[in-house]
Each structure stands twice: as structure tokens, then as C-alpha cells.
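The values are calculated or read from the model by the stated rules, or taken from the named source; none is laboratory data. Small disclaimer: the values here were computed from a predicted structure and weren't measured. Every residue, glycine as well, gets a Cβ built from its backbone with ideal geometry; the counts of neighbours run over all protein chains shown.
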Ligand code: F6P
Ligand code: MN
């Protein structure tokens, strides 16, 4: 089976980017090991602290963040990092050529039930003018990303990665520690009959979301003239992985509970890398009012509404607006 290095070289990735990705993934392998130790290592449960978004941090959020921060800071390739679990941008090597944004442990409420979790990341060039800890350098649209992906800590540890030459899936071979290519050039089916949304928020949705989901629920009796199935992992990595594997549509729409929040998910750490992966696999990724890839971020912890997945179903959803 083809190794990660060889696929990255075939895709024309520069050597320094390959070395940076290998460093980042070494951190993810460490997280994979720590996660798998679970209760044996006392890593389950919450800390007493909250992150900047007011969410209680799980012990594994803090551990995963520290692992990635340490390995990326020491690598030399990285000028600064921006993490969902850090209040501010963290300066690394002033001469580093890259910026890395990440959600160190997505879906971390799943840690305590031994369910799917993962690390989501994206890499851009570091502008020359940038001071090492200047947050404004991170305010680049996803169209500027040079590599994005996630590592899913499931029954297998898997990597989904794109450098703009298609989306590839790799599986960690724990016998020798390498990521091996298991699906090249993922193609998301254009049509789907499966959707993912947290239906418990239904009463807070906008009318267009109510109508779209309402029509899916009507199945063969409604205007869509077929039955739809529903899945919700409560970890974006898990839902997006399913969509890469067999198609589907994932929504975390705007809801009216807190009008100051555009959505729940974070643009830099979640929406942008997933949008790049999905588009590179032939799907669509939208905020409801435009392509996620084109959103110009205004602050590093910004939130955004998302609908992404199988092309025709995202288009169907958007037609209700
Ligand atoms: O990181 C935020 C997140 O955990 C996503 O991974 C996931 O899709 C979503 O929130 C789950 O939201 P909810 O708590 O509404 O199910
Ligand atoms: Mn997350």
C-alpha cells in the first residue's frame, strides 16, 4: 500500500510542507495513543477550566492541545498557531514559513462514552510581514489553505487529507506507525438520502431550515418523493467522515437562540478545513449565503453556519432560502 509521503510527493507538495505534515501527524499519533488509553491513564472527564468560547474543557482537549502546540512550536516550520483551545494566537518560530490552525479534539463530549473524536487542522503560508503572534495573519479565506485534514480516532485511526489535489483517506498502521493510503481521490456521491442535523434545536431554526428538514421528514409523502435517513455522531469529524465514505448532507445552521452567533461551528478550526476536504471530493460547502471557501474571517474564533456534503442535496437545501 502506498505511504503518505509518496502520495504527497505525487501530488506535488513541497518538501517543507511534507515535513510539517509529518510533524503534525506525529502529534496526532501521540493523541491517538493517549485517547486509546482512556480510563487506564485517567484522561477521561472534564477539567475545571473553560475555553474562550465558554465551553468546559475536557482533560483530553487540554492534553491534545498541548501535544500539538509543543510539537509544532519545536518543529521550526511554523511561525504561529491558532487553536480552538487557546485564547490567542501562539507565536512559534519567527522564521517559520507556515501557520497552522486546529481543533485539537473535535467532538470531545464523546470522549467519556468511547465514541468518535478527532483532530481537525489547516495550514496556510505565513505572510513575511507578520509578527509571530499577529492574529490578523490568520484571517485568510479557506481558498488560501495549502493543506487541510482531520485525524479520526475511531476503531481505526484514519487521516483525511487534501493539498488541493483531491481528498485521500489513509489508515494508521499501528504495527509500524505509518499512515497508508486506503482510498485515493474520494468522490462523494452527488445524490444522497441521508442527512445529519441536531433535530433537538428545531424550534430555534429559521423558516427555510424548518421547511427543508420538514420536507425530508415527509419522505415519499412529500415533495422530495423519497424517504431520508438521519445520522448524528455529535462530532463533526465523524459526520464528515461518513459523508466522505458514502455521501450525505451535514447541517449546523444559524439558530435564533443567540442572534450574536452566526452558527455553532468555528470557521477557522472546523468549517474551513472540512469545506476544503469536501470540495476536493466533489461536494459543496456553504454557509447558506455563499461558499465557505470564500468567507473572509474577521476574527480567529469566529463561528459560522454550515451546510456541506453531496452536491445535489446541498443545492436542494440552499434552494429553500
Ligand atoms: O466542535 C463542536 C461540535 O462538537 C461538533 O464536532 C459537532 O458536530 C457539534 O459540536 C455537536 O453539536 P451538538 O452538541 O449540538 O450535538
Ligand atoms: Mn470541534
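Details
- Qualifying strands (runs of 3 or more DSSP E) (wholly inside segment 245-321; at least 2 residues being outside the structural domain of residue 103 (by TED's automatic domain parsing) and without any contact (Cβ under 8 Å) to a residue 40 or more places away in the chain): 284-286
- Flag if residue 106 is more than 13 Å from ligand 1 (Cβ to nearest atom), in the same structural domain as residue 145 (by TED's automatic domain parsing), at negative phi and touching a residue at least 24 places away in the same chain (Cβ under 8 Å): no
- Selection status of residue 62, within 17 Å of residue 118 (Cβ to Cβ) and within 16 Å of ligand 1 (Cβ to nearest atom): yes
- Count of residues meeting criterion [within 16 Å of ligand 1 (Cβ to nearest atom) and touching a residue at least 24 places away in the same chain (Cβ under 8 Å)] in segment 189-212: 10
Every residue, every condition in (1) away from ligand 1 (no atom under 16 Å from the Cβ); (2) free of Cβ contacts under 8 Å to residues at least 40 places away in the same chain; (3) assigned by TED's automatic domain parsing to the domain that holds residue 244; (4) closer than 22 Å to residue 22 by Cα, yes or no:
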| position | (1), (2), (3), (4) |
| --- | --- |
| 55 | no, yes, no, no |
| 69 | yes, yes, no, yes |
| 75 | yes, no, no, yes |
| 96 | yes, yes, no, yes |
| 115 | no, no, no, no |
| 121 | no, no, no, yes |
| 124 | yes, yes, no, yes |
| 129 | yes, yes, no, no |
| 139 | yes, no, no, no |
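- Flag for residue 182 being modelled with pLDDT of 95 or more, over 21 Å from residue 250 (Cα atoms), crowded, with 21+ Cβ neighbours inside 10 Å and away from ligand 1 (no atom under 16 Å from the Cβ): no
- Residue within segment 159-169 that is modelled with pLDDT of 95 or more, outside any strand (DSSP E or B), within 16 Å of ligand 2 (Cβ to nearest atom) and surrounded by fewer than 15 Cβ atoms within 10 Å (Cβ to Cβ) present: no
- Count of residues meeting criterion [surrounded by fewer than 18 Cβ atoms within 10 Å (Cβ to Cβ) and either assigned to a helix (DSSP H, G or I) or within 14 Å of ligand 2 (Cβ to nearest atom) (or both)] in segment 223-241: 1
- Restricting segment 242-267 to residues that are more than 13 Å from ligand 1 (Cβ to nearest atom), more than 22 Å from residue 186 (Cα to Cα) and surrounded by 14 or more Cβ atoms within 10 Å (Cβ to Cβ) leaves a set whose member that is modelled with the highest pLDDT is 254.
Here is a yes/no grid of residues against (1) over 25 Å from residue 303 (Cβ atoms); (2) out of contact with any strand residue (DSSP E or B) (no Cβ under 9 Å at 6 or more places or on another chain); (3) surrounded by fewer than 18 Cβ atoms within 10 Å (Cβ to Cβ):
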residue	(1), (2), (3)
68	no, no, no
84	no, no, no
91	no, no, yes
99	no, no, no
114	yes, yes, yes
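- Boolean, residue 63 is farther than 26 Å from residue 167 by Cα and assigned by TED's automatic domain parsing to the domain that holds residue 156: yes
- Any hit, segment 20-36, residues being out of contact with any helix residue (DSSP H, G or I) (no Cβ under 6 Å at 6 or more places or on another chain) and either at positive phi or outside any helix (DSSP H, G or I) (or both): no
- Failed item, numbered, when residue 56 is tested on (1) within 21 Å of residue 133 (Cα to Cα); (2) in contact with a strand residue (DSSP E or B) (Cβ under 9 Å, 6 or more places away or on another chain): (1)
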